[in-house]
Amino acid sequence: MLTQALLVDDSRSILNFLKRHIEAEGLVEATTFLDPVEALTCARERVFDLVLVDYEMPHMDGISFIRVFRTLPGCADIPIAMITSRQTDDVKMEALQAGATDFLPKQPQSVEMTVRLRNLIQLGAAVRKLNDRAAHLASEVAAATRKLGEREEEIILRLALAVEYRDNDTGEHTLRVARYSRIIAEQLGLPARLCRDIYLAAPLHDVGKVAIPDNILLKPGKLTAEEIAVIRTHATIGERILADSGCELIQLGAQIAAGHHERWDGAGYPNGLKSDEIPVAARVVAVADVFDALTTRRPYKEPMPIEAARNYLIEHQGRQFDPACVEAFLSRWKEVVEIAAGQQATPFQKTDAALVSESAAESRPVEPVPAA
């Protein structure tokens, strides 16, 4: 690839000489400009490996040109030589401070100019190779990082699905909770990276269920107080499984596992946190998890009609749920319905009150045991 040189001088004869001289060995392709402003416009759109600019020009002198050129993207390290017959210390110092690399004398047949120009061409080619190599390495690092992230995400999802298959033969609960959670996080205006991480970590909310005996987890009837106490341990167990990880996603999963059954009014478990004491990711997943639990069939209950589940969230915002999370969820109701579509079983013919009393937030019971 030819070295691309930008030549700027208000003298056409000098430009022609420089172009012939610099292209003589067939290693350089030169683009010439009489107007420094037009040259800068071109430099914003094209990549150059080397710049030669005259010192004394109309509209803009060489030092001003260099200052502006150095601010352009990708132009911080490109060799720039200023062509001038005024080789005073003051001019040289000002040019160097502006970003000049070297100086060329204005005598066309100067041996010094020939030598310096050859060196600048070699430097420009070397800088381009170095930048190309750096860009290639950056691309490889980005690709490797992306693959690692994809594998990390896959492992997390498969772990969550393995847990979900214990009490749901499709594993789709985890995926719907993740989608609902992302809707809420986005509508809350959380940073894009956090929205993504909540979406990926949300499926880990029930990982602690691996430690719950099947005779309790899959029990078709109402749980006893002792059984409720056992099933509630899944929040603490889930946090313990995920705690102290070096992976940020799993750390977030630990927060969600520990806090998705806490309540806005402080009557939840396992730690009785309330309002903003509960991590925002856990507050988000709490709404998504309960809504999906209410609207899907489980071994111990029939699904609640989707509008009844919506009303349940509204009635319990400010008590069980963060009001902002409920509002965010309902603000994109059309998407919520689309996610639930096809997953919704035929509504069970009971009154809303009866359905609420039989639903669950772990997903059972919906209401925690009152504090003594």
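Full extension of the chain between residue 24 and residue 150 yields a length gain of 40.2 nm, computed as 0.36 nm times the residue separation minus the alpha carbon distance. Computed packing ranks the peptides 192-203, 142-153 as 192-203, 142-153, most packed first, by mean other Cβ atoms within 10 Å. With a Förster radius of 56 Å applied to the C-beta separation of residue 126 and residue 251, the computed FRET efficiency comes to 0.80. Considering only the Cα atoms of the stretch 169-358, their convex hull presents on average a projected area of 10.3 nm². Can you work out the base-10 log of I(q)/I(0) for the stretch 181-278 at q = 0.10, 0.17, 0.22, 0.25 1/Å, using the Debye formula on its C-alpha atoms alone? These q points yield log10 I(q)/I(0) values of -0.31, -0.82, -1.15, -1.27.
Rounded to two decimals, the Cα-based Rg/Rh of the stretch 96-253, with Kirkwood Rh, is 1.41. In terms of its Cα atoms, the chain spans 100, 39, 34 Å along the principal axes, sorted from long to short. Helical content of the chain, expressed as a calculated mean residue ellipticity at 222 nm, amounts to -17500 deg cm²/dmol (DSSP H runs of 4 or more residues, -39,500 (n - 2.57) each, divided by residue number, nearest 500). Each Lys or Arg adds one and each Asp or Glu takes one away; over the other residues whose Cβ falls under 15 Å from the Cβ of residue 95, this sums to -1. Taking a spot 7 Å from the Cα of residue 31 along the direction of its beta carbon, which residues of the stretch 69-108 have an amide N less than 17 Å from it? Counting only backbone N, you get 69-81.
The residue 116 and residue 38 beta-carbon pair, evaluated with R₀ = 25 Å, returns a calculated FRET efficiency of approximately 0.45. Applying the criteria of a DSSP loop state and at most 10 other Cβ atoms within 10 Å to the GluC sites (Glu not before Pro) of the stretch 1-70 yields 25, 45. Separation of the stretch 1-45 from the stretch 197-243 is 71 Å, based on Cα centroids. Given a cut-off of 32 Å, name the pairs among 219/334; 106/129; 209/274 whose C-alpha atoms lie farther apart than that in the structure shown. Violating the 32 Å limit, Cα to Cα: 219/334.
Any read-out appearing in this document is the output of simple, stated calculations on the displayed coordinates, not a laboratory observation. Because the structure is a prediction, the values reported are computed rather than measured. FYI the Cβ positions are ideal-geometry reconstructions off the backbone, even for glycines, and counts take in every protein chain you see.
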